[in-house]
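No lab work stands behind these numbers, since they all come straight from the coordinates. These numbers were taken from a predicted model, which means no experiment stands behind them. Here the Cβ positions follow ideal geometry from the backbone for every residue, glycine too, while neighbour counts run over all protein chains shown.
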Amino acid sequence: MTGSELPTDPTVLTHAPTFAPAPAPTSGPPVWALWLLIMSLFSLVVAVSAGLVESLAGAGLPEVLRSGGTGFLAAAGLCFGTLQAARELRKRR
């Protein structure tokens with residue numbers, strides 16, 4: 001068959017059937033919102049603790065804010081990374 005001929009047999013498939021995998025179950029918005037709240041509160045506790053330690057060490061306000069912000073971002077990054085890793089591992093099962 002050349003490129004310009006069309007098949008005349010009706011049993012010939014014109015396109016291959018697609019077999020898409022079933023979508024992975026995802027957590028709904030209420031569960032995601034709860035995890036986000038927990039991660040935010042944990043990160044806030046880490047930030048306040050880091051700021052308190054810096055303040056007790058005699059650091060000025062800019063250093064206290066910087067260490068608190070660094071603690072918050074580090075804790076939030078670890079939480080989001082852990083959550084994403086858990087979701088990926090769950091997909092593989």
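Observations, loosely collected:
- Note on Glu63 and Lys91: the model spin-label points, each 7 Å out from Cα along the C-beta direction, lie 4.4 nm apart.
- Farthest positive-ward along region 33-93 dipole, Cα basis, beta-carbon charges - from Ala86, Ala75, Leu36: Ala86
- The distance between label points at Leu56 and Ala74 comes to 1.7 nm (points 7 Å beyond Cα on the Cα→Cβ vector).
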